[in-house]
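Here is the structure we will look at, set down as structure tokens.
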Amino acid sequence: MRPLRLLAFAMMVIAAPHVGAAAEASAPAEAASAPVVSLSARKVYEQARSQLLQIRTVLKGRASQTSVGSGFIVSREGHIVTNFHVVSEVALEPATHDLVYVTADGREAPLQILMLDVLHDLALLKIAPAKDTAAAHDALAFRPPKQVLAQGERMYSLGNPLDVGFAVIEGNYNGLVERSFYPQIFFSGSLSAGMSGGPALDQEGRVIGVNVARRVDGEQVSFLVPAAFAADLLERGRNAPPMKGPAHAEITRQLMEHQAALTQRFVEQGWKSATHTRYKVPVPPDRFMRCWGTTEQSRTGGLDFERSDCVMDTRIFVGQFTTGAIAVRHESYDGSKLGTLRFAARHSQSFRNEGFTRLRGDQMTKPQCHEDFVQREGLPMRAVVCMRAYKKLPQLYDLSVLVATLDQNQSAVQGRFDVQGVSFANAMKLSQHYLDAYGLVK
């Protein structure tokens, strides 16, 4: 499983790599209570059983699986929808990996990737043509967009959790996730690893979402990609040829679209007001970011500080890492109990402890940094701007900006601004936007 560890919570995509031998042993049958399954769930599962698939990534020529997820048939021609993160190894390393599907009754056959929607974590596949069969496939239908989901409406999520067998999970629709950069459905059901890419159906057996992730710090909190994005991907990719070679160029193209939209929305929303008693400190509105604050008062005559962290829930999964997000942080220090010299030493140490290495060297170049002393509205500051380039995603960079105020000898504010997966031009635009937000309260 691939955890997306965020500051205030953790979200986990629910593909299941390396399950099977490492899975926990099942409880004895005689100790297990009889499952309670509604007639509606049973009916939905039986109707969808022939369209439900397990998607396996296998080592080429060895048939040993490296990860498993779920998928479902959406056309009579054999088109299949799943998550991008389920097929990412094949999309990025096609020379060493293959895709196969397994049906509920044990049939297995190869798959081809037709199109990706990385921003919504979707992939369109197709059953590889076979000489001995041209039969039409049973397909799940999408619920018409005009039939809007109601709060609390019953939903049924299907998939193959932990590679132990196909299952149906009952839950409810709870609206769209707040502050998500792209729309996601809040599903109150317990999704498990291996269910990624499976369908979520209404009581009529129509697709209303695609399983994608769950919160690992809570219960019954899972997430679905709205079916409209899967339906759109099917229409765009229905007649597309199978993808050839690694998908880095296509992923880069989509990430360039994402970073342009992210930059525009972030700049246009502006900053919160009254974020500090002495300084103007950049803190973004709670629109597609969550801000959390902490404070710590020294009990031994040391350094008092307050901290604010603002992070995006949305991360774009691109293989071995995620990108496409913004984080804003600042810490306010009060060293009046320390005195000038001891405060200067502590404050400088905090500045030096900041790092600029997020990913491994085989994924990104070494940081290139520039340090300078700047003024904003009469406020002197020390600023460091660092950038790193993605080696396999050309034209995309990670940006980090570190700032410390210099106008007081026993108090200060230190800020940090991080942007992942942005063009050089927008990196410059965002760093200027961030630095210009500092100043003195008049």
Single condition G361 does not satisfy, out of (1) touching a residue at least 24 places away in the same chain (Cβ under 8 Å); (2) surrounded by fewer than 21 Cβ atoms within 10 Å (Cβ to Cβ): (1)
All but one of (1) surrounded by fewer than 22 Cβ atoms within 10 Å (Cβ to Cβ); (2) out of contact with any Pro (no Cβ under 6 Å at 6 or more places or on another chain); (3) not aliphatic (A, V, I, L, M) hold for D407, so report the exception by its number. (2)
Per the list (1) of a type in the set (A, V, I, L, M, F, W, C); (2) crowded, with 20+ Cβ neighbours inside 10 Å; (3) touching a Ser or Thr at 6+ places or on another chain (Cβ under 9 Å), residue check on C291 breaks on (2)
Restricting attention to the range 264-280, does a residue exist that is at pLDDT 95 or above and of a type in the set (D, E)? yes
Across the range 163-176, what is the number of residues that are surrounded by fewer than 18 Cβ atoms within 10 Å (Cβ to Cβ) and farther than 17 Å from V207 by Cα? 2
Over the range 155-181, the set of residues more than 30 Å from Q269 (Cβ to Cβ) and either modelled with pLDDT of 95 or more or part of a strand (DSSP E or B) (or both) is M155, Y156, S157, L158, G159, A167, V168, I169, E170, G171, N172
Looking at the structure I just gave you, is M387 of a type in the set (A, V, I, L, M), closer than 18 Å to F424 by Cβ and not in a loop (DSSP other than H, G, I, E, B)? yes
Here are some residues: E235, E204. Which one is modelled with pLDDT of 95 or more and over 23 Å from R290 (Cα atoms)? E235
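When you check D232 against the structure, is it charged (D, E, K, R) and assigned to a loop (DSSP other than H, G, I, E, B), yes or no?
Details: charged (D, E, K, R): yes; assigned to a loop (DSSP other than H, G, I, E, B): no.
Considered against the rule, which asks whether it is charged (D, E, K, R) and assigned to a loop (DSSP other than H, G, I, E, B), D232 comes out as no.
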Within the range 97-122, how many residues turn out to be in contact (Cβ under 8 Å) with a residue 60 or more places away in the chain, buried (at least 21 other Cβ atoms within 10 Å of the Cβ) and closer than 21 Å to L59 by Cβ? 1
Quick one: in the range 388-400, which of the residues that are of a type in the set (A, V, I, L, M, F, W, C) and crowded, with 22+ Cβ neighbours inside 10 Å is nearest to D436 (Cα to Cα)? L399
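The values are calculated or read from the model by the stated rules, or taken from the named source; none is laboratory data. Just so it is clear, the model here is predicted, and its values are computed rather than measured. Ideal geometry is used to build each Cβ from the backbone, glycine not excepted, and the neighbour counts take in all protein chains shown.
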